Number of protein chains: 2
Amino acid sequence: MARRDACSDCAIRTRALCSTLSVEQLARLRRLSYRKRYPPGRLITGVDPAETWCAQVLSGVVKLTKALPDGRQQIVGLLFPSDFLGRPFGSASPYAAEAATEVELCCHNRHQFEELMHEQPGLKQLFLERTLDEVDAAREWMLLLGRKSAGEKVAALILHIARRLAGSGCAAGPGPGPMRFDLPLSRTEMADYLGLRIETVSRQLKHLRTTGVIGPGVGRTITLENVAALERMTEGGAP
Amino acid sequence: MARRDACSDCAIRTRALCSTLSVEQLARLRRLSYRKRYPPGRLITGVDPAETWCAQVLSGVVKLTKALPDGRQQIVGLLFPSDFLGRPFGSASPYAAEAATEVELCCHNRHQFEELMHEQPGLKQLFLERTLDEVDAAREWMLLLGRKSAGEKVAALILHIARRLAGSGCAAGPGPGPMRFDLPLSRTEMADYLGLRIETVSRQLKHLRTTGVIGPGVGRTITLENVAALERMTEGGAP
DNA sequence: CGCGTATTTGAGCATCATCAAGCGCCGTGG
DNA sequence: CCACGGCGCTTGATGATGCTCAAATACGCG
């Protein structure tokens, strides 16, 4: 009976939108759902089409990007496990989604998911609250993009990713010693998220390492040696 | 019977969230609503408190701002007539709202407005779709803040305001001759919305005027002489 | 081992910020 | 009526942050 992809086994069972569904509704949704994997860098959805499906992130990190005709790019959001991907109700989603790491999705038929939201007010309510949180997060990032220095931006990004990873159970928890994790983004992606160039990101990262705020690990490895200092640096406080 | 503030007279009757309400529900909401005016520059709500009310903009322009402890500011959104102001459901709104021009609001008790949304799925649905549009708008602005040059930013702001003003029936419509309007923002506010300094905004505006893309009017007056050129400049095309 | 890609490092430069006047507008008050 | 002062905006000169270009190094992988 217990299938490997049964909802009760689901890694995001308690945090996903599904957490509001009754057992019966959950069973119904599961019949309409399927899992899908993407390797790092693979495009998940393009900009144009009115996609016929939506999904929830089971594992990995998805980046949402917008681009200018001349190739300049901006990452406008990162999705972590239990986040929702897609644009129900009308207008086509004006950005592309791409796998930043290896990604696993739980996909639903968009139309049927919309119907389920209509039938189950709790589901729609939770989706609405998540969407409101997304507005807040986007605006927080607007403050970063418009008003913060390169150093503040990089510090804020590290903290942001650390918190989201911790919240989704990846990376060594708040156990003994400093938190350690791998950035799910390349330097290019970090730059595209922060409105910087990769060289600037690289230099700021080096600065954080030489001042001991983060550990000396190479590449994407981050060790949070001094979270308080990092927090101060996100708002213009001294290093 | 016909009071001056009757909903049927309301300037935003057809575009506001209320447009989904039945006559009876509209009457109920109206009994719980009141109008409020703010002069330019007046604070409407601060950051901290879990506000007990929410509102819809009847006239004027409201700016939503976030600030860093050292005083740096970023405008994270502008509200025009028929836009919704407030943060129903839980978490306190993490930004301040301030009147940019003379503003008139139609205010509702937050709790009762939430209840109305629960009772009337159409209202909640419309609110949800508006919120999704807000996410899109915020992310569009993230692209601007992170990746556009000063010239592109100013061009985009003028177009953005022109469209929103036209959509809310202010300013000379698309009748004969070029559209003309007054910017609802000071130079400081434009800079805070674009992530620039006021001197840069001033110089970019001058450049647009000397190249004839906008008319030579002084101060906040804008005449759209060449919309196509303005649109091109928004994305890196030649002036 | 050798190649392709990601990242780091360095040097010079451009854009936009900063600093500093100056101008125009307007309400106040002599 | 005009001098005064405040404020918002403009203009100019200078400089710093972050970008561009270029090359070296490290890394992953066949």
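The values are calculated or read from the model by the stated rules, or taken from the named source; none is laboratory data. Since this is a predicted model, take the numbers as computed values, not measurements. So basically every Cβ, Gly included, is an ideal-geometry build from the backbone, and we count neighbours across all protein chains shown.
Of note:
- Per-region count, the range A:88-118, residues buried (at least 20 other Cβ atoms within 10 Å of the Cβ) and among the charged types (D, E, K, R): 1
- Of the listed requirements (1) over 30 Å from A:Val47 (Cα atoms); (2) free of Cβ contacts under 8 Å to residues at least 24 places away in the same chain; (3) within 11 Å of chain A (Cβ to nearest Cβ); (4) not aliphatic (A, V, I, L, M), B:Glu115 misses just one: (3).
- Set B:Gly77, B:Gly90, B:Gly46: member being within 8 Å of chain A (Cβ to nearest Cβ) and at pLDDT below 95: B:Gly90
- Taking strands (runs of 3 or more DSSP E) as the structural unit, those lying wholly within the range A:20-97 and holding at least 1 residues that are under 14 Å from the mean Cα position of the chain (by Cα) and of a type in the set (S, T, N, Q) correspond to A:53-59, A:62-67.
- Against the numbered list (1) closer than 25 Å to A:Leu68 by Cβ; (2) surrounded by 15 or more Cβ atoms within 10 Å (Cβ to Cβ); (3) within 13 Å of DNA strand D (Cβ to nearest atom), B:His160 comes up short only at (3).
- Considering residues of the range A:90-110 that are charged (D, E, K, R) and touching a residue at least 60 places away in the same chain (Cβ under 8 Å) only, the residue farthest from A:Cys18 (Cα to Cα): A:Glu102
Residue-by-condition table, conditions (1) of a type in the set (Ser, Thr, Tyr); (2) within 29 Å of A:Ala67 (Cβ to Cβ); (3) away from DNA strand D (no atom under 11 Å from the Cβ):
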residue: B:Phe181; (1), (2), (3): no, no, yes
residue: B:Glu189; (1), (2), (3): no, yes, no
residue: B:Tyr193; (1), (2), (3): yes, yes, yes
residue: B:Ile198; (1), (2), (3): no, no, no
residue: B:Gly215; (1), (2), (3): no, no, yes
residue: B:Val218; (1), (2), (3): no, no, no
residue: B:Arg232; (1), (2), (3): no, yes, yes
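- Number of residues in the range A:134-169 that are among the hydroxyl-bearing types (Ser, Thr, Tyr) and more than 14 Å from every other protein chain (Cβ to nearest Cβ): the value is 1.
- Some residue of the range A:62-71 being more than 7 Å from chain B (Cβ to nearest Cβ), within 25 Å of A:Arg31 (Cα to Cα) and in contact with a Leu (Cβ under 7 Å, 6 or more places away or on another chain): yes
- Identity of the residue in the range B:119-147, within 16 Å of DNA strand D (Cβ to nearest atom) and free of Cβ contacts under 8 Å to residues at least 24 places away in the same chain, that ends up surrounded by the fewest Cβ atoms within 10 Å (Cβ to Cβ): B:Arg147
- Restricting the range B:191-234 to residues that are exposed (fewer than 15 other Cβ atoms within 10 Å of the Cβ) and away from DNA strand C (no atom under 14 Å from the Cβ), the residue that is nearest to the other protein chains (Cβ to nearest Cβ): B:Glu231
- Flag: B:Val135 matches the condition of being part of a helix (DSSP H, G or I), among the β-branched types (Val, Ile, Thr) and at pLDDT 95 or above.
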